[in-house]
1. Please identify the pairs in which a residue from segment B:258-277 that is free of Cβ contacts under 8 Å to residues at least 24 places away in the same chain has its Cβ atom under 7 Å from the Cβ atom of a residue that is not basic (Lys, Arg), counting only partners at least 6 apart or on another chain.
2. How do the helices (runs of 4 or more DSSP H) wholly within segment A:1-117 filter down when requiring 3 or more residues that are open to solvent by 30 Å² or more (accessible area, probe 1.4 Å): which remain?
3. Suppose we filter segment B:13-35 for residues that are open to solvent by less than 20 Å² (accessible area, probe 1.4 Å), out of contact with any Pro (no Cβ under 9 Å at 6 or more places or on another chain) and away from every other protein chain (no Cβ under 14 Å); how many remain?
4. What are the residue pairs meeting all of these: first residue in segment A:52-69, first residue under 12 Å from A:Pro14 (Cβ atoms), second residue in a helix (DSSP H, G or I) and of a type in the set (A, V, I, L, M, F, W, C), Cβ atoms under 6 Å, and 6 or more apart or on different chains?
5. Take A:Val10 and decide whether it is more than 16 Å from ligand 2 (Cβ to nearest atom), within 14 Å of chain B (Cβ to nearest Cβ) and either out of contact with any Gly (no Cβ under 7 Å at 6 or more places or on another chain) or of a type in the set (A, V, I, L, M, F, W, C) (or both).
6. Looking only at segment B:210-226, count every residue that is more than 14 Å from chain A (Cβ to nearest Cβ), modelled with pLDDT of 95 or more and open to solvent by 20 Å² or more (accessible area, probe 1.4 Å) and tell me the total.
7. Give the residues of segment A:95-121 that are touching a Phe, Trp or Tyr at 6+ places or on another chain (Cβ under 9 Å) and not charged (D, E, K, R), sorted by residue number.
8. Can you find a residue that is of a type in the set (Gly, Ala, Ser) and touching a His at 6+ places or on another chain (Cβ under 6 Å) anywhere in segment A:247-258?
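The values are calculated or read from the model by the stated rules, or taken from the named source; none is laboratory data. From a predicted model like this one, the values you see are computed outputs, not experimental measurements. Cβ sites come from the backbone with ideal geometry, for glycine too, and all protein chains shown count toward neighbours. The accessibility values were calculated without ligands, DNA or RNA, using every heavy atom of the protein model including side chains. Shrake-Rupley method; radii C 1.70, N 1.55, O 1.52, S 1.80 Å.
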Amino acid sequence: MREACDLVVVGAGPGGLAAACRAAEAGLDVLVLDAQPEPGGQVWRGEARKGTNRLARRWLSRFSASGARFRPGARVVAAPEPGVLLVEEGSSSFAVRYGRAVLATGARERFLPFPGWTLPGVLGVSGLQVLVKDGLPMRGKRVVLAGTGPLLLAAAATIHAHGGEVLYIAEQASAASHWSFALQLWRHPAKLLQGALMSATLISVPTSTDAWVIAAEGEDRVESVRLSVRGREEQLQCDYLGAAYGLVPNLEVARLLGCETSAGAVVVNERLETRVPKVHAVGELLGIGGVDQALVTGELAGLVAAEQPIPIEMERTWHRVRAFAARLALHDAPRAELRRLATPDTLLCRCEDVPMSALEGCQNLREARLYARLGMGACQGRTCGTAAQTLFGWSGEDVRPPCLPARIGSLRLPSEVSSTHTRES
Amino acid sequence: MSAFDCVIVGGGIVGAALADVLSADGVSVALVEARSIGAGTTACGMGHLVAMDDNAAELALTSWSVSLWRELADGLPRTVEYDACGTLWLAADDEEMAAVSAKVANYRAAGVRVEVLDSAALYEAEPALAPGLVGALRVVDDAVLYPPLAARTFALRAQARGARLMTGCPVRELRPGSVVLSNGDVLTARHIVLAAGVASPSLCPGLPISPRKGHLLITRRGAPVVHHQLVELGYLKSAHGTDGASVAFNAQPRVTGQLLLGSSRQPGDATREVDAALLERMLKRAAMFLPGLDGLQALRVWTGLRPATPDGLPLLGPHPEKPWLWLACGHEGLGITTATGSARLVADQLLGRTSAIDARPYSPARFLTASSRETAHA
Ligand SMILES: Cc1cc2nc3c(=O)[nH]c(=O)nc-3n(C[C@H](O)[C@H](O)[C@H](O)COP(=O)(O)OP(=O)(O)OC[C@H]3O[C@@H](n4cnc5c(N)ncnc54)[C@H](O)[C@@H]3O)c2cc1C
Ligand SMILES: Cc1cc2nc3c(=O)[nH]c(=O)nc-3n(C[C@H](O)[C@H](O)[C@H](O)COP(=O)(O)OP(=O)(O)OC[C@H]3O[C@@H](n4cnc5c(N)ncnc54)[C@H](O)[C@@H]3O)c2cc1C
């Protein structure tokens, strides 16, 4: 099967949706692809059904009215030549020929290994939040959260709202860094409001800065966690532990297309164009900045793609959210102690069961991959590669197709990739 | 300046195997590698240890090398994944089956154990194969392994005997009696061996080595079980595209439960990118032999550059015009297999010993005559 479009958007989170709306409203034939069954990305997951979040409702209905075509459950797996993507959709696949592309593939959580991090019941912070939103029963469950930044509070609020008991929130940032970050939030009214609302509902949850998980313990699943809290050790019995240290961009599709990356983000110019002509990057790919950044960069890229003028106010907003993203990065940067928690038998790569001790003598990620099978498994280093980068300062390996595990059939080229437009609406 | 009996330039499987053999003979060795041990073409290869009979010299070197691997096998760490699964050469029609009898004679004359499988025996051995094949040749002692860890094992063994392992050290220049590193350091040595694979001509202009690119694909664990390395006999006559590129069916069971699929050949292509059209040809060919292939989960596709010589045989021995320089390069698509034999041949010549097989067919002198030297200097 073949598809053609003026603009392909990869990812239907706020970044992708904003880009698609702007471009489609200006008359481009826009095709939006997302691996998930519904639009919304991470932050608006499930909103297409629930409609509880006002901002999400506004963008999702604008998206339905925009004329952009949406393909749910469509995973971009390969980029066989410039202007063509291969997409896996259930048990079939198709090729997309595009004029321009907006990459809006978002972010994932950063996991750092500590003893017990692979026990059942230990999840990411936002990962646990997503499961709860999707229906994981929380009533009567005791939860400890450890990580960094505003997402800790967002997760706590969700768990609380679903009847879970959040016993403790451990924020790894130092008190000084945390409060100076919080004080900067006045520049970002939307976030300040969100933060205030959340803290209000969480008033009863003990929270500490300079705090992190030392170990998770239990027989078949997590039963307790040991925390380091301002230099003291504390032990808490719990049913779930959410532990992850901020987010990192999903760079795989961008790197597959040959986009340059630097310091863990895609390099773009002021038109949000990557070093690959006609390929733009938005949202978390530019460095973690949350919904506000995703929306404004998405809108900008959509307008650029459609060759529309950029309102000056939009540029100003972008510069403002960029400043926020820079501060967030400083705040969320994992502290040195987190790099020393794993013991020799702690697994670093859970796909291939690679313990820390197996990396002895390895000088870089390629050696760890070749000699110890680190990142050779199903996730291709999405989790352990990021951890190894943080632990040892090793930089990433080349991305090879497919960028997600895919059926061999999905890597087969359709006999001819059409370049004629097939607009439906 | 540090002095060694021998400096080996290039820590692929060939250089590492040589360091292993020389250090075992008490030679003081430095193994100098630009990046990491086994991270070049060695990391891209399939790791099929295969006796090949395209010509007598190839058969002599490959069959001897496979038997050397077998002797080494018990001493290799489990992670090297040595697995004596044997090879099945698949005959798709009667013409290919007819070619089998000549091969049987070749192999048996070289002391290689082979068996002929008729169609029924073939499907009993490999039920996953597509119907319609007429039979196969089984080469019993062929094996597979995981090349980068095999190379690393050799290098670490040499190191344990006192060899100096220098990784992350690109060599800039070869001189009589010394090599110059890119950081300006100089290592002196009586003998210098060039084992830099496809990069060898950059340190010794005029070497007849050119890249021949290949593609491989690995599946996730839990792929349908095949029990032998499967290769089509038709590879000899397999269709070549207009660009001289060719593909052949080649499938390997890994002890991890993964399936490794090959392969393609693109002469003269030195790029690393996956060529989608060629990959498509390769997968189409593979699907003809393994039905249901399209439904398997692919984990990764990659490419590698085989260091090819005009006659497909490696360059093993002294450089005819530079008596201080030894060559151990140009192993094309068989360097994992022939690393063991190559290391012996070069070590024997270097130490003035006779070898188990005749070294002359691999002598660099067959290409590097006076006239080719003039061309190289022109
Ligand atoms: C697990 C998780 C939960 C989060 N929860 C919140 C929250 O509650 N509140 C909050 O403010 N922020 C949350 N965030 C932060 C979030 O990253 C941003 O708020 C915002 O969603 C970023 O928007 P985006 O458009 O850049 O990316 P995203 O919203 O992440 O959207 C990216 C989309 O791209 C798709 N995609 C990625 N790769 C491919 C591919 N190869 N093929 C097809 N589709 C692909 C994904 O399926 C996803 O839908 C969360 C992040 C994570 C990782
Ligand atoms: C797709 C594919 C499949 C294959 N399958 C098989 C198979 O099944 N069986 C088989 O036997 N063979 C196979 N081969 C062939 C085999 O991989 C090669 O013949 C073999 O790896 C060559 O080893 P080498 O040590 O000569 O080269 P390399 O492994 O490339 O080693 C050369 C080393 O020299 C280093 N180097 C380069 N320049 C410098 C410098 N200036 N200074 C210092 N160091 C330098 C490089 O970094 C490299 O590590 C395959 C090859 C490919 C591409």
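1. Within 7 Å, the pairs are B:Ala276/A:Pro80; B:Ala276/A:Glu81; B:Ala276/A:Leu413; B:Ala277/A:Leu413.
2. Details: elements: A:14-25, A:47-50, A:54-65.
Hits in segment A:1-117: A:47-50, A:54-65.
3. 10
4. A:Trp59/A:Leu17; A:Leu60/A:Ala48; A:Arg62/A:Cys21; A:Phe63/A:Leu17; A:Phe63/A:Cys21
5. On the way: more than 16 Å from ligand 2 (Cβ to nearest atom): yes; within 14 Å of chain B (Cβ to nearest Cβ): no; either out of contact with any Gly (no Cβ under 7 Å at 6 or more places or on another chain) or of a type in the set (A, V, I, L, M, F, W, C) (or both): yes.
Considered against the rule, which asks whether it is more than 16 Å from ligand 2 (Cβ to nearest atom), within 14 Å of chain B (Cβ to nearest Cβ) and either out of contact with any Gly (no Cβ under 7 Å at 6 or more places or on another chain) or of a type in the set (A, V, I, L, M, F, W, C) (or both), A:Val10 comes out as no.
6. The qualifying residues number 3.
7. Within segment A:95-121, the first condition is being touching a Phe, Trp or Tyr at 6+ places or on another chain (Cβ under 9 Å), and the residues that meet it are A:109-112, A:114, A:117, A:121.
Answer for segment A:95-121, where residues must be touching a Phe, Trp or Tyr at 6+ places or on another chain (Cβ under 9 Å) and not charged (D, E, K, R): A:Phe111, A:Leu112, A:Phe114, A:Trp117, A:Gly121.
8. The initial filter retains those residues of segment A:247-258 that are of a type in the set (Gly, Ala, Ser), namely A:254, A:258.
Within this subset, residues satisfying the condition of being touching a His at 6+ places or on another chain (Cβ under 6 Å) are none.
No, segment A:247-258 contains no residue that is of a type in the set (Gly, Ala, Ser) and touching a His at 6+ places or on another chain (Cβ under 6 Å).
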